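The values are calculated or read from the model by the stated rules, or taken from the named source; none is laboratory data. Just so it is clear, the model here is predicted, and its values are computed rather than measured. Ideal geometry is used to build each Cβ from the backbone, glycine not excepted, and the neighbour counts take in all protein chains shown. These area figures cover heavy atoms from the full protein model, side chains too; ligands, DNA and RNA do not enter into them. Shrake-Rupley method; radii C 1.70, N 1.55, O 1.52, S 1.80 Å.
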Amino acid sequence: MAIERAEGFVFVELYVADPAYYVRIFHGALGFDVVRDEGDFVELRSSRGIVLLNRFDDPDPGHPFEHYRQGRCGLGIEIGIFSDDLEASWRRAQAIEGCQVTEIVRQEWGMTDYRILSPQGYYLRVTTPPT
């Protein structure tokens, strides 16, 4: 799966306690392909994006995150993901234990979406592509 990594390309790297759990979300529910799995590091791709999962328990001294890790690391982070089959991904997301999954809602700005809140506080907005 080729993705053009040119100026403006964005990827997301999440530091998580359990990469395998997040593989269940991004691969199992949202359809990303696992292209590299080293246990503590996983790379997932869709046709339009890359998600990197990095196991992160305690940062080494001097790591940029050493003073920010106090339990839930994803607070205040919203990640938007377009889905061509919102209802199917929603059903799969509901099967992942530990996640809070909202109902599918038509938003006042015209898009339809649902939200996944992970145990570490990552907030995923799964939405229809713009029309």
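Values for this structure:
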{"item": "Index of the failed condition, Glu97 passing every other in (1) assigned to a loop (DSSP other than H, G, I, E, B); (2) closer than 30 Å to Phe56 by Cα; (3) open to solvent by less than 90 Å² (accessible area, probe 1.4 Å)", "result": "(3)"}
{"item": "Near pairs, Cβ below 7 angstrom, 6+ apart or cross-chain, from the range 11-24 (farther than 15 Å from Glu97 by Cα and open to solvent by less than 10 Å² (accessible area, probe 1.4 Å)) to any residue that is aromatic (Phe, Trp, Tyr) and not in a strand (DSSP E or B)", "result": "Leu14/Tyr22; Leu14/Tyr122; Val16/Tyr22; Val16/Phe56"}
{"item": "Filtered residue count, the range 1-22, keeping only those that are of a type in the set (Phe, Trp, Tyr) and either in contact with an Asp or Glu (Cβ under 7 Å, 6 or more places away or on another chain) or at pLDDT below 85 (or both)", "result": "1"}
{"item": "Selected residue (criterion: nearest to Asn54 (Cα to Cα)) from residues of the range 105-116 that are buried (at least 16 other Cβ atoms within 10 Å of the Cβ) and touching a helix residue (DSSP H, G or I) at 6+ places or on another chain (Cβ under 9 Å)", "result": "Ile116"}
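One line per residue, one yes/no per condition, for (1) modelled with pLDDT under 95; (2) more than 20 Å from Phe32 (Cβ to Cβ); (3) surrounded by 11 or more Cβ atoms within 10 Å (Cβ to Cβ):
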site	(1), (2), (3)
Asp85	yes, no, yes
Arg92	no, no, yes
Ser118	yes, no, yes
Tyr122	yes, no, yes
Thr131	yes, yes, no
